[in-house]
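What follows is one structure encoded as structure tokens, with my remarks underneath.
What follows draws every value from the coordinates through simple rules; no lab data is involved. Please read all numbers here as calculations on a predicted model, not as lab measurements. In this analysis, Cβ positions are derived from the backbone assuming ideal geometry, glycine residues included, and neighbour counts consider all displayed protein chains.
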């Protein structure tokens, strides 16, 4: 590794003030700090910083936490592909098909977003934003595998530009960048991100009989208008039986995530592994993750009691594992920039996300998946929640103080 | 009762005055720099809308509507339609009511009065107030529903303005490009917030 350091040291003067590539200083800095921990030493006087974990390393932790989801997603895309066309395939074949679909999306998202990022940092003379490491990875994970690549690029550029860079970059944005990308696509090109887009068929048009690619949420939504009075769980079983995959939509299968869906969001198990990494390293807030789950469990329990249609009667535990709830709770809601900052605020914020998710799922036939919009909506109100938590804190302490 | 709750929820979230109809933008943009002021204005709007909607409903039903004059002056007025006076009457009602609210606030909370400043009289021309009354007529509501609708629309405006104000307070620490500072970024923000509010569009409670 010594030679890498040597190269960097040799090139450094060129990128510093009055050097040949002065304008690209931040590009160089990004590369350097990406490879090596910055060699800053805190001043002798004043606050001392012992740990060199900076934003870059923090963001890398999140990316590492997402890797299980990504890897599982790659396999699952391949698996669903062969399932739909009715061929059996080896593990390797599934991985190959999955990689062929997923890796270009990841690549496009990183390239398109990185380009915007570099242009901005060069013109505005600020360091390259580390937050992009995460957004660039999150965006592919919440896209359906069939998404056209140009849309990925467009959405990424839009999100990085409008949702982040105009506010000054990482740490200053209001809405979650990855979610903005998805919501942008959702409203701009709805036909490419809803309906039967969750399985990659390739150029095969011959699907196995009865296969519709319906996700559990879509199956549940068919009962909302009250004409379909079958229990949702039995609908799951029926669907599994029609495609000759017993237990396809069983609780355990959906928990592991061998179901169609966005690339990285299907597996609750992998999300929980990611959550574990985030919590242990202290990067993500366990309060938010937990309260999202509690909120959605609570709300679906309430609707169980109301029970106007079959979808409302779906047992609460199903709601926790179908759709992208786990992924949203672990990777979206915990975004430290857009979430509530105060500790009490985090509980309220997460709880409301959970509640809202279930409400959108049950009442809004237009959007089968609620977590995306619920997180975005609570992003909007996070500063408001914080404000009142801080006010309450002040008031409490003033009351305690005896002057 | 269900209908009323439904109507309130709808007018708060689905038919949000600011993010769906883009009404009341002037005060929404101008008074959202500080949360406390925005809070005051929001509450004033809730108050005014809740009372002007039913007031205007009464005027519409008893005076302006086609044939409404029959009960006072007899059959020959059956064809008289005073709808063309709608705008005029509604604004007059709103203006006098706002004047009244202003006096109340001045009396009971001088600080709030001071911080609202010119914007309280400006509620008179706040399009969301007039919009509330006109929508209420268009939707053909009953008196109770009209009150609920006015209240819901007010709450919707309140939510919109406090959300923006809280965000703008946070935005002080952001490094917005020079050309976008101030209103520019606020317009962009409004667009983004409207995107988030699309959560509820198409929802049927």
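With n ≥ 4 as the cut-off for DSSP H runs, can you work out [θ] at 222 nm for chain A, using -39500 (n - 2.57) per run divided by the number of residues, rounded to the nearest 500? Intermediate results must be reported in sequence, preceding the final value.
Details: 15 runs with 238 residues, N = 403.
Computed ellipticity for chain A at 222 nm equals -19500 deg cm²/dmol.
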Stretch gain in nm, segment residue A:63-residue A:272, where the contour uses 0.36 nm per residue and the Cα spacing is subtracted: 73.8 nm
query: Could you work out the helix-only [θ] at 222 nm for chain B, with each DSSP H run of four or more residues adding -39,500 (n - 2.57) and the total divided by the number of residues, to the nearest 500 deg cm²/dmol?
result: -20500 deg cm²/dmol
Degrees between helix B:86-108 axis and first principal axis of chain B (Cα, 0 to 90, nearest 10): 60 degrees
- prompt: So how tilted is helix A:286-306 from the main axis of chain A? Cα-based, degrees 0 to 90, rounded to 10.
  reply: 20 degrees
Inter-part distance where the stretch A:223-286 and the stretch A:104-124 are each reduced to a Cα centre, Å: 33 Å
task: Evaluate the distance, in nm, between pseudo-label points positioned 7 Å from the Cα of residue A:126 and of residue A:246 along their respective Cα→Cβ axes.
output: 5.9 nm
Radius ratio Rg over Rh of chain A, counting only Cα atoms, Kirkwood formula for Rh: 1.02
- line: Tilt, helix A:343-363 to longest principal axis of chain A (alpha-carbon atoms), in degrees rounded to tens, equals 30 degrees
message: If I build a Gaussian network model for chain B, linking alpha-carbon pairs within less than 10 angstrom, which residue out of B:113, B:19, B:77 has the largest mean-square fluctuation?
response: B:77
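Roughly how crowded by other chains is peptide A:358-364, in terms of the mean Cβ count from those chains within 10 Å of each of its Cβ atoms? Could you put the intermediate results ahead of the total?
On the way: counts 0, 5, 3, 0, 1, 6, 8.
The mean count of partner-chain Cβ atoms within 10 Å per residue comes to 3.
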- line: Checked the stretch B:88-203 with the C-alpha gyration tensor, a ≥ b ≥ c its square-rooted eigenvalues, rounded below a/c of 1.5, otherwise prolate if a/b is larger than b/c and oblate if not; verdict oblate
query: Once you put a point 7 Å from the Cα of residue B:134 and another 7 Å from the Cα of residue A:189, both along the Cβ direction, what distance in nm separates them?
result: 3.8 nm
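Between residue B:172 and residue B:80, what FRET efficiency comes out of the Förster formula 1/(1 + (r/R0)^6) with R0 = 45 Å and r the beta carbon distance, rounded to 0.05?
On the way: r = 57 Å, r/R0 = 1.26.
Plugging the Cβ-Cβ distance into 1/(1 + (r/R0)^6) gives 0.20.
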Scattering profile of the stretch A:113-216 at q = 0.13, 0.22 Å⁻¹ [log10 I(q)/I(0), Debye over alpha-carbon scatterers]: -0.53, -1.09
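How well do other chains shield peptide A:368-377, expressed as the mean number of their Cβ atoms within 10 Å of each residue Cβ? Walk me through the intermediate numbers first.
Numbers: counts 0, 0, 1, 0, 1, 7, 2, 2, 7, 9.
Per-residue shielding by partner chains comes out at 3.
In peptide A:31-39, how many Cβ atoms from other protein chains are near each Cβ within 10 Å, on average? Present the calculation step by step, with values, prior to reporting the outcome.
Details: counts 0, 0, 0, 0, 0, 0, 0, 0, 0.
That works out to 0 on average.
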field: Burial order of peptide ranges B:41-50, A:39-48, A:171-180 (average beta-carbon count within 10 Å, highest first)
entry: A:171-180, B:41-50, A:39-48
